[in-house]
Amino acid sequence: MEALYQYIIFDLDGTLIKSEEGLYDSITYALEKSGVDPGDRKDMKRMIGPVLWESFRKFYNMSAEEADRANAFFFEAYDKEGLYNASVYEGVEQMLETLRNADRILLVVTAKPRDMAERVLNHTGIDRYFQAVIGPARGKKKTDKGSLLKEAFSFLAKSGTDHFQKEQAVMVGDRMFDIQGAVETGIRSIGVLYGYGDRQELINAGATLLADTPADVVKLICRE
């Protein structure tokens, strides 16, 4: 029987890696260098998901020019230290190993700049599981998961991967942006509850299924 979920597309932060401390440190640095009070670190959770430039504009009322500068400060800190302050969630490596051994094709689709995402994956040692990493170029100010998913579909189609069929793809993510991208592009989704989103956010966004742990993700994908 052909697998319902053959192409597994993962978000990065909050789905594969626990990265908030490095992100919060770098966001704090960017805000302080910009002369902005960082406020409560817990509020920075809302920054994880969309492109950071947009979040500086939305949550700190920055002009485009101010957001440009804050973004540059963020990259300065994150490149140096922040991206190395990340770890793989418990159970994620076992999940990836099981899925690969079950002949699933794995990709990462993230709003994090692609070069940074690749470095984080390499640093945490899970880069070997993925056929491709799809993310925006550094400095891109606006993007969304829908457009990034379309890039992933194009990659799979051009690579000739088992005659790619979009209907066999599933997006696995922890935030509404991941689920909204899946809905926009017409694929199923699995919302994970151990990341930075919450159950109601994922349900409201239209998640097809929910998973409490990485092991649950495997069960949902390999249940055929």
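Out of ARG41, ARG69, ARG100, ARG119, I need the residue that is free of Cβ contacts under 8 Å to residues at least 24 places away in the same chain, touching a helix residue (DSSP H, G or I) at 6+ places or on another chain (Cβ under 9 Å) and not hydroxyl-bearing (Ser, Thr, Tyr). Which one?
The match here is ARG41.
In the set (1) among the aliphatic types (A, V, I, L, M); (2) over 22 Å from TYR194 (Cα atoms); (3) surrounded by 20 or more Cβ atoms within 10 Å (Cβ to Cβ), ILE9 fails one condition alone, (2). For segment 101-112, indicate whether the set of residues that are part of a helix (DSSP H, G or I) and under 18 Å from GLY173 (Cα atoms) is non-empty. For segment 101-112, residues part of a helix (DSSP H, G or I) and under 18 Å from GLY173 (Cα atoms): absent. The single residue among GLU151, GLU167 that is of a type in the set (Asp, Glu), within 30 Å of ALA64 (Cβ to Cβ) and either assigned by TED's automatic domain parsing to the domain that holds LYS58 or surrounded by fewer than 20 Cβ atoms within 10 Å (Cβ to Cβ) (or both) turns out to be GLU151.
When LYS112 is tested against the conditions (1) within 27 Å of ASP216 (Cα to Cα); (2) surrounded by fewer than 21 Cβ atoms within 10 Å (Cβ to Cβ), the lone failure is (2). Here is a check on your reading of the model: is VAL120 part of a helix (DSSP H, G or I) and either crowded, with 20+ Cβ neighbours inside 10 Å or of a type in the set (D, E, K, R) (or both)? Criteria met by VAL120. Output the number of the condition that ARG100 fails; it satisfies all remaining conditions of (1) over 20 Å from ASP216 (Cβ atoms); (2) at pLDDT 95 or above. Failed condition: (1). In this structure, is ALA67 more than 20 Å from the chain's Cα centre (by Cα) and closer than 29 Å to LYS150 by Cβ? For ALA67, the condition - more than 20 Å from the chain's Cα centre (by Cα) and closer than 29 Å to LYS150 by Cβ - is met. On the basis of being at pLDDT 95 or above, of a type in the set (Phe, Trp, Tyr) and crowded, with 16+ Cβ neighbours inside 10 Å, does TYR129 make the cut? Answer is yes for this residue. Restricting the first member to segment 189-211 and to residues that are within 15 Å of PHE10 (Cα to Cα) and without any contact (Cβ under 8 Å) to a residue 24 or more places away in the chain, and the second to residues that are among the β-branched types (Val, Ile, Thr) and part of a loop (DSSP other than H, G, I, E, B), the beta-carbon pairs closer than 6 Å and six or more apart or on different chains are SER189/THR208. Inside segment 68-81, residues that are farther than 10 Å from ALA30 by Cβ and either modelled with pLDDT of 90 or more or surrounded by 15 or more Cβ atoms within 10 Å (Cβ to Cβ) (or both) make up a count of 2. Is it true that VAL36 is in contact with a Phe, Trp or Tyr (Cβ under 6 Å, 6 or more places away or on another chain) and in a loop (DSSP other than H, G, I, E, B)? Yes, satisfied.
The values are calculated or read from the model by the stated rules, or taken from the named source; none is laboratory data. Worth saying up front: this structure is predicted, and the values here are computed from it rather than measured. When we count neighbours, we look across all protein chains shown, and the Cβ atoms used for this are built from the backbone with ideal geometry, even at glycine.
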